């Protein structure tokens, strides 16, 4: 669960990379990094914390060149607090390659053995991104070529990489002296979007690749298309564009949680508007609420800001109820779901939200949230509503119960942390201290996201336990859980 961007231009692009990372800050707040390429020379700066705090003037001045990549990190693999886990990662052979990655590899144990015993490569961190980089470097090195590296050699390396690597990965790399490479796993689980624009001075094309379309649009790039599952794109340092499908088994399964929570509402990914999907979630949730609650028992509908707002507006509209904003959000506190620990999340709820008594006093309130993961935030919010004077508090989720770990790049590695794991709705309702708890159904969520689009499938493992890569065993889930709880 990270944000990545890559740019190829004739201009200096340090500021453009920085501006793009600010737009992606919601995707990760643990650390950030930028690398640029000037000729065949790399310049890099990375640091813990948020973008606005990580780069000083001297850092930006050192990031010279017309090609660059950037990253904001939310740790799902490796240690969140260690600066050496920050991306980008670098290897110096065969050419010098530097890479950023969004996703989560699921066969790291096998890859670690292969890298050491077969490829004779050593990694310095516990990051799966460094593993991905070393696999890429190994496969490029193994190609039969002379002194010059061609796009076909690069694409052959990606074909081999797809055969070795399992899990989710959208990645962007710089190859020293050659150009920028972007590629996506054969299931397209994590997003990656391509854009371009014309330079006024010489009419040449600038290229951009990023996690969300809002980065392209806010920087005046034209959205060309999504990079396809299994596809690789190479853009030379002169701006020449090449692409190839590098997997014969590719099939699009975008992560449903991108649309529920992670992505900004003003983004379009895989041709699906995040905002429109969230509106439809509200429409479908309203149908479920009608089945379970008499409209006369609710006085007002309120969102838990911010990502649930479109759904809450539609719930109120469909139920013919008043929509009100009862919680004021402190925008200088990060998103509680992506806080690095349970206690930190709990403390942050009160720092982040304040309930306005005038909106709650004596009312039967229907609260709408995008999802309920661990339940820490939801329980605190219900208590805040009661302390603010609410008569009854009903709680609804625009997403279904999250009952299974997410292993493809969202930080839900332990089923024991999930409030819905092995529990009935009534039991969850009691834990949250809500008068009524209503969830969206899995089929309704799928309809909300896919309706009207050309996409046929979603990655929904955290809701239904169906791991689409087909390599996730109970033993693996237990290993992941023990790794992250230690």
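Let me spell it out: the conditions are (1) over 19 Å from residue 371 (Cα atoms); (2) modelled with pLDDT under 95, and residue 270 meets all of them except one. Which number is the exception?
So residue 270 meets the others, but not (2).
Which of the residues that make up the stretch 414-431 are surrounded by 20 or more Cβ atoms within 10 Å (Cβ to Cβ) and either part of a strand (DSSP E or B) or touching a strand residue (DSSP E or B) at 6+ places or on another chain (Cβ under 8 Å) (or both)?
Passing the criteria: 418, 428.
Which one of these does residue 114 not meet: (1) assigned to a helix (DSSP H, G or I); (2) touching a residue at least 24 places away in the same chain (Cβ under 8 Å); (3) within 26 Å of residue 242 (Cβ to Cβ)?
(3)
Every residue, every condition in (1) at positive phi; (2) assigned to a loop (DSSP other than H, G, I, E, B); (3) without any contact (Cβ under 8 Å) to a residue 24 or more places away in the chain; (4) not assigned by TED's automatic domain parsing to the domain that holds residue 440, yes or no:
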{"residue": "381", "(1), (2), (3), (4)": "no, no, no, no"}
{"residue": "389", "(1), (2), (3), (4)": "yes, yes, no, no"}
{"residue": "394", "(1), (2), (3), (4)": "no, no, no, no"}
{"residue": "399", "(1), (2), (3), (4)": "no, yes, no, no"}
{"residue": "409", "(1), (2), (3), (4)": "yes, yes, no, no"}
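Residue under question is residue 243, and the condition is that it be surrounded by fewer than 21 Cβ atoms within 10 Å (Cβ to Cβ) and more than 19 Å from residue 168 (Cα to Cα); does it hold?
Against the criterion (surrounded by fewer than 21 Cβ atoms within 10 Å (Cβ to Cβ) and more than 19 Å from residue 168 (Cα to Cα)), residue 243 qualifies.
From the list 189, 193, 135, 172, exactly one residue is under 24 Å from residue 27 (Cβ atoms) and either surrounded by fewer than 24 Cβ atoms within 10 Å (Cβ to Cβ) or not assigned by TED's automatic domain parsing to the domain that holds residue 241 (or both). Which is it?
135
Could you please find all residues in the stretch 439-474 being assigned to a helix (DSSP H, G or I), exposed (fewer than 13 other Cβ atoms within 10 Å of the Cβ) and modelled with pLDDT of 95 or more?
443
Pull up the stretch 10-25, narrow it to residues that are surrounded by 20 or more Cβ atoms within 10 Å (Cβ to Cβ) and touching a helix residue (DSSP H, G or I) at 6+ places or on another chain (Cβ under 8 Å), then point me to the one that is farthest from residue 307 (Cα to Cα).
14
Report yes if some residue within the stretch 345-364 is modelled with pLDDT under 95, under 22 Å from the mean Cα position of the chain (by Cα) and surrounded by 22 or more Cβ atoms within 10 Å (Cβ to Cβ); otherwise report no.
yes
Name, by its number, the condition in (1) without any contact (Cβ under 8 Å) to a residue 24 or more places away in the chain; (2) closer than 23 Å to residue 68 by Cβ that does not hold for residue 215.
Evaluating residue 215 over (1) without any contact (Cβ under 8 Å) to a residue 24 or more places away in the chain; (2) closer than 23 Å to residue 68 by Cβ leaves (1) as the failure.
The values are calculated or read from the model by the stated rules, or taken from the named source; none is laboratory data. Because the structure is a prediction, the values reported are computed rather than measured. When we count neighbours, we look across all protein chains shown, and the Cβ atoms used for this are built from the backbone with ideal geometry, even at glycine.
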